[in-house]
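Visitor: Provided herewith is a single structure, encoded as C-alpha cells, for subsequent inquiry.
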Amino acid sequence: MPVTKGKYCFVGVGATHPTRRMDKTEVELAIEACRTAAEDAGIDPADIDGINIQVHHYPPPDTAAIAAGLGMREVKWSRDGGGLGIVPAGEAAKALDEGKATITVVCKIMNTIAPSATPRINPADGGVAGPPQFMTPYGVGYTRQTIGLFGRRYMYERGYNERQLAWIPIVEREHAMMNSGAYMQTPMTMDDYLNSRFIADPVRLFDCDIPVNRAVAYIITSEDRAKGMKHPPVYLMGWAGAEGEGAGAGVPVYEPWDGVAPTATTLYQDTGIDPKEIDLWFVYDGYSYLAFMWLEALGLVGPGEAGPYIEGGERIRYNGEHPMNTHGGNLSEGRAHGAGQIVEAVRQIRGEAGERQTKDPNYVILSSAFPYPSGGGCGIIGRGY
C-alpha cells in the first residue's frame with residue numbers, strides 16, 4: 001500500500017438506480033451519480049477538481065463530457081480506471097496527497113450492452129489472441145467457467161458443501177430487500193438456490209452477480225476539508241492491491257495460501273488494525289465462491305472455517321456477529337465491481353442504512369477481484385483514527 005502523509009475521507013456518496021435496460025447514456029448516468037454524491041457532501045460540483053471514471057468495457061465514455069456536465073471549473077487530476085473496488089479510492093487519496101487535486105470524485109459506470117474492454121477474439125482473423133488462446137479452445141472462455149474450476153477445487157480441498165455456500169446469496173438477498181436501491185427484490189430460499197440452473201458446474205445462476213446498468217460515485221477529500229462538510233468524515237484507513245492482477249488478467253492460477261493473502265498482510269501492517277477489530281465484512285461477491293475464498297484470504301476466518309461460519313446465515317446477517325454485504329452485494333443489489341460496497345460502508349458508518357443498519361460499526365473491510373494469485377485488492381474504511 002502506498003502510505004499517504006495525510007488523512008483522507010469519504011464525504012459524499014451517490015448512485016443511480018440499477019436497471020436492466022439502458023435508458024440513459026453512460027455520460028448521463030455518471031453525471032447523475034456524481035451530482036448525487038456532491039449533494040450528499042453538501043458541496044458545489046464545480047468545486048471538484050479531480051475525477052476518475054471507471055468502466056469495464058470499450059470504448060470508455062468521454063471524461064471531459066462528464067466533467068463539463070458536472071460544471072467542474074477546473075480538472076487538475078483525471079484518470080480512467082485504476083483497478084476494482086477500494087483500489088481506485090486509494091489512487092484518489094494518492095492524488096490528493098501529492099497535491100494534484102483538492103476534492104476528487106470516483107465514478108464506476110456499468111453498461112450491460114457494451115463490448116468487453118479485453119476482447120477475447122482477434123478482430124483481424126476471428127481467432128483467439130493472447131492468454132485466452134490457451135483457455136478458450138478448451139471451454140474456458142468466460143470468467144464464470146474459470147470460477148467453476150476454482151470453485152470445484154476449493155470446495156473439495158476445504159471440505160465445504162453447496163448448502164453452506166448457499167447462505168451467501170440467500171442472506172445477501174435478504175439484505176437487498178431492505179435496500180430500495182437494490183435490483184433484486186424477491187425472496188430466495190434454499191430450495192430456490194438448489195433448484196437454480198448450473199451456469200458452469202458447480203456455479204449456479206444465483207452464484208453469479210446480476211448485470212445492471214448503473215453508475216456509483218463517491219467523493220474523497222482531505223481530513224481538514226472534510227471536517228467542515230455536511231457529514232462527519234468517514235476515513236479511508238488504508239488499502240492494498242495490484243491493479244489488474246487477479247481480476248481475470250492473463251491465465252488465472254488457483255494456488256491458495258494457508259494463511260492470509262499478501263495484500264491483506266500489507267493492509268493490516270500499514271493500518272495497525274487487526275482482523276479481529278473489524279465489524280463488517282464486505283467481501284467481493286462477483287461470484288459467491290469468491291466471497292467464500294475472501295473470508296480466508298483476509299484472515300477473517302481460518303483455513304477450513306468459512307463453511308461452518310457461514311452455515312445457517314445468522315452470523316453474516318445485518319444483525320449478526322459480522323454482517324456481510326448489507327446492501328445486497330453484487331449478487332442482489334447489482335454488479336458494480338465493488339463500488340457499491342464503498343457506498344454502503346460509508347452509509348453504515350454514518351448510521352444511515354435504515355432497517356439494515358448494523359450496530360455501531362467502527363471498521364469495515366472491503367475486497368475486490370480474485371483473491372488468487374496476486375491477492376486482489378482490499379482496504380479498510382473506518383470511523384476514525
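Visitor: Radius of gyration and Dmax for segment 280-373's Cα atoms, expressed in Å?
Guide: 12.4, 38
Visitor: Oh, and also: Pop a pseudo-label 7 angstrom from the Cα along the beta-carbon direction at both LYS5 and TYR138 and give the gap in nm to one decimal.
Guide: Going by the 7 Å Cα→Cβ label model, 5.0 nm.
Visitor: Hey, if you put +1 on the Cβ of every Lys and Arg and -1 on every Asp and Glu Cβ in the chain, which of GLY71, LEU300, TYR138 ends up farthest toward the positive end of that dipole?
Guide: Selected residue: GLY71.
Visitor: Report, ordered by chain and residue number, the aspartates and glutamates lying within cross-link reach of LYS76, taken as a straight Cα distance under 15 Å and ignoring same-chain residues fewer than 8 apart.
Guide: Leaving aside aspartates and glutamates fewer than 8 places away in the same chain, those within reach of LYS76 are ASP47, ASP49, GLU91, ASP97, GLU98.
Visitor: May I pose another question? What is the P(r) of segment 174-331, as percent of Cα-Cα pairs per 10 Å bin from 0?
Guide: 8, 31, 37, 20, 4, 0
Visitor: What is the fewest-to-most order of LEU149, LEU96 by other Cβ atoms lying within 10 Å of their Cβ?
Guide: Neighbour counts put them in this order, fewest first: LEU149, LEU96.
Visitor: Go ahead and estimate [θ] at 222 nm for the chain from helices alone: -39,500 (n - 2.57) per DSSP H run with n ≥ 4, summed, over the residue count, rounded to 500.
Guide: Numbers: 13 runs with 116 residues, N = 385.
Taking each H run of at least 4 residues, the total per residue is -8500 deg cm²/dmol.
Visitor: State the antiparallel share, in %, of DSSP beta bridges confined to segment 232-385, rounding to the nearest 5.
Guide: On the way: 12 of 16 bridges.
Percentage antiparallel, nearest 5: 75.
Visitor: Place a point 7 Å from the Cα of ALA65 along the Cα-to-Cβ direction; which residues of segment 1-38 have their backbone N under 13 Å from it?
Guide: 24-31
Visitor: Top mean-square fluctuation among LYS276, LYS94, LYS227, Gaussian network model of the chain, C-alpha springs under 10 Å?
Guide: Looking only at LYS276, LYS94, LYS227, the largest GNM fluctuation is found for LYS276.
Visitor: Measure out, as a whole number of angstrom, how far apart the alpha-carbon centroids of segment 165-209 and segment 306-321 sit.
Guide: What the calculation gives is 15 Å, centre to centre.
Visitor: Quickly work out the ARG152-to-ASN362 label distance, labels modelled 7 Å from Cα along the C-beta direction, and quote it in nm with one decimal.
Guide: Each label point is offset 7 Å from its Cα along the Cβ direction, giving 4.5 nm.
Visitor: At a temperature of 25 °C and a viscosity of 0.890 mPa s, determine how fast segment 151-196 diffuses translationally according to Stokes-Einstein, using the Kirkwood radius over alpha-carbon pairs as Rh; express D in µm²/s, rounded to the nearest whole number.
Guide: On the way: Rh = 11.7 Å.
Value of D from the Cα-based Kirkwood radius: 209 µm²/s.
Visitor: If you build a Gaussian network model of the chain, linking Cα atoms that sit under 10 Å apart, which residue out of ASP279, ASP258, ASP40 swings the most?
Guide: Most flexible of the set in this elastic network: ASP258.
Visitor: Quick check: residue separation of ASP274 and THR189 times 0.36 nm, minus the Cα distance between them. What number comes out in nm?
Guide: Values: separation 85, 0.36 × 85 = 30.60 nm, distance 3.46 nm.
Result: 27.1 nm gained on full extension.
Visitor: List, in the order given, every pair from LYS24/LYS94; LYS94/LYS227; LYS7/LYS227; LYS5/LYS276 whose Cα-Cα distance in the structure shown is over 23 Å.
Guide: Values: LYS24/LYS94 32 Å; LYS94/LYS227 19 Å; LYS7/LYS227 11 Å; LYS5/LYS276 26 Å.
Result: LYS24/LYS94; LYS5/LYS276 exceed 23 Å.
Visitor: Same structure, new question: Search the structure for amide H atoms under 5 Å from the amide H of ARG79, placed 1.01 Å from N in the peptide plane, and list their residues when 5 or more places away or on another chain.
Guide: Hits under the 5 Å cutoff: ILE51, ASN52, ILE53.
Visitor: If you restrict to DSSP beta bridges whose two residues both lie in the chain, what percentage is antiparallel, to the nearest 5? Walk me through the numbers on the way to the answer.
Guide: Values: 35 of 48 bridges.
Close to 75 percent.
Visitor: Find how much the distance from ASN319 to MET22 grows on full extension, using 0.36 nm per residue of separation minus their present alpha carbon separation; answer in nm with one decimal. Write out the running numbers ahead of the final one.
Guide: Details: separation 297, 0.36 × 297 = 106.92 nm, distance 3.52 nm.
Length difference between fully extended and current span is 103.4 nm.
Visitor: At a 10 Å Cβ-Cβ cut-off, how would you order CYS378, CYS208, CYS9, fewest neighbours first? Intermediate values should be presented prior to the final figure.
Guide: Values: CYS378 31, CYS208 22, CYS9 25.
Going from sparsest to densest Cβ surroundings: CYS208, CYS9, CYS378.
Visitor: Another question, if that's okay. Please work out how much length the chain gains when fully extended from LYS76 to LYS100, using 0.36 nm per residue of separation minus the C-alpha to C-alpha distance, in nm with one decimal. Present the calculation step by step, with values, prior to reporting the outcome.
Guide: Details: separation 24, 0.36 × 24 = 8.64 nm, distance 0.62 nm.
Using 0.36 nm per residue and subtracting the Cα-Cα distance, I get 8.0 nm.
Visitor: Quick one: if you take sqrt(5λ) for each eigenvalue of the C-alpha gyration tensor of the chain, what semi-axes come out, biggest first, whole angstrom? The partial results should precede the final answer.
Guide: Working: eigenvalues 182, 122, 82 Å².
Three semi-axes, in Å: 30, 25, 20.
Visitor: Follow-up. Considering the chain as a Gaussian network with a 10 Å cut-off on Cα pairs, which listed residue, ARG214, ARG335, ARG350, attains the greatest mean-square fluctuation?
Guide: ARG350
Since every read-out is calculated from the coordinates, none of them should be taken as a lab result. What you see is a predicted model; the values in this text were computed from it and never measured. Cβ atoms come from the backbone with ideal geometry, glycine included; neighbour counts cover every protein chain shown.
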